[in-house]
Amino acid sequence: MTRISQAPPLVRLAALSVVALAMLPLSGCLYAQIPVNVPDGDGPDPSPTAIPSEEPSGDLPSTMTFADGADIPAEAYIQWGDGLIADDGWKIIKPDDGNGGWTYGTIDDTCTAQFWQGLIPDVPTVAGDDSVSSDAMLAVILGEADAAAITPLSTTGSFSYQVGGNSDVENRQVVGEEADRQWAMAARAFTATGVGLYVIVDCTGGDMQATMAEVIDKNAVVIQ
């Protein structure tokens, strides 16, 4: 999938409030399945996607709650808007791999932000339920066979929609910590189109919540 450079909005919010994250307890059988290193995010198998048309695919909802996802046209093209490509505070760690994934890192080397977007035929989604399906994405990323094990540990957060500086796309997210390392992964499945996307922010010594807030603020979910 191709990425687009996200144009800054005419008026950017001074600051996006930090998303409330419920800390994922590293205990029991779930602990054994949380990677010791940065989650690799291989998750859903990459699948080719259609080239976006130059015209918007019909009327789109003004917000993108889980319920709003049902109103997305089946032919809509969904992708990340890249707001870090020219940001002096970030550098490329892994360039676009051609399969929907790429990674940025902060200049001080304390945090990384790993992005992925693509079709999710291997995720056990529930038609019309983007929330449950987003939990299923998280389960696949974490290597958990049963999404029901992830749901109680997940919280509803948000991504920016179309341009940065808002919180209009609902997502599901989990976080974890061990010593001075903290990570958060946030995902959104769009069952109307069979597409999903996620970001994993991983910090050692850095401020994970502030970094995740910055990533959400600068990288919008763009739907055409």
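The values are calculated or read from the model by the stated rules, or taken from the named source; none is laboratory data. This structure is a prediction, so every number in the text was calculated from the model and none was measured. Using ideal geometry, Cβ is built from the backbone for each residue, glycine included, and neighbour counts are taken over all protein chains shown. What goes into the accessible areas is simple: the full protein's heavy atoms, side chains included, and nothing from ligands, DNA or RNA. Shrake-Rupley method; radii C 1.70, N 1.55, O 1.52, S 1.80 Å.
Under a 1.4 Å probe, what is the accessible area of region 121-168 per residue, stated in Å²? All intermediate terms of the calculation are to be shown ahead of the outcome.
Working: 1830 Å² over 48 residues.
In whole numbers, region 121-168 has 38 Å² accessible per residue.
Sorting check: for 82-93, 205-216, which peptide has the highest mean count of neighbouring beta carbons within 10 Å, and how do the rest follow? Intermediate results must be reported in sequence, preceding the final value.
Working: 82-93: 15.4, 205-216: 20.4.
Descending packing order for the listed peptides: 205-216, 82-93.
In the neighborhood of SER131, defined by Cβ-to-Cβ distances under 11 Å, what is the net charge if each Lys or Arg adds +1 and each Asp or Glu adds -1? Let's see the in-between values first.
Details: positive: ARG172, ARG188; negative: ASP129, ASP130, ASP135, GLU170.
For residues surrounding SER131, the net value is -2.
Ordered by residue, what ³J(HN,Hα) values in Hz, to whole numbers, does region 114-127 give under the Karplus form 6.51 cos²θ - 1.76 cosθ + 1.60, where θ = phi - 60° and Gly and Pro are x?
Couplings: 9, 10, 8, 8, x, 6, 10, x, 8, 8, x, 6, 10, 3 Hz.
Just to be sure I understand the model, the point goes 7 Å from the Cα along the line to the Cβ. What's the resulting ILE93 to ALA74 distance in nm?
Placing both labels 7 Å along Cα→Cβ, they lie 3.9 nm apart.
When ligands, DNA and RNA are left out and all protein chains stay put, how many square angstrom of accessible area per residue does region 172-222 have with a 1.4 Å probe? Don't jump to the answer; show the numbers that get you there.
On the way: 1190 Å² over 51 residues.
Computed with neighbouring chains in place, this is 23 Å² per residue.
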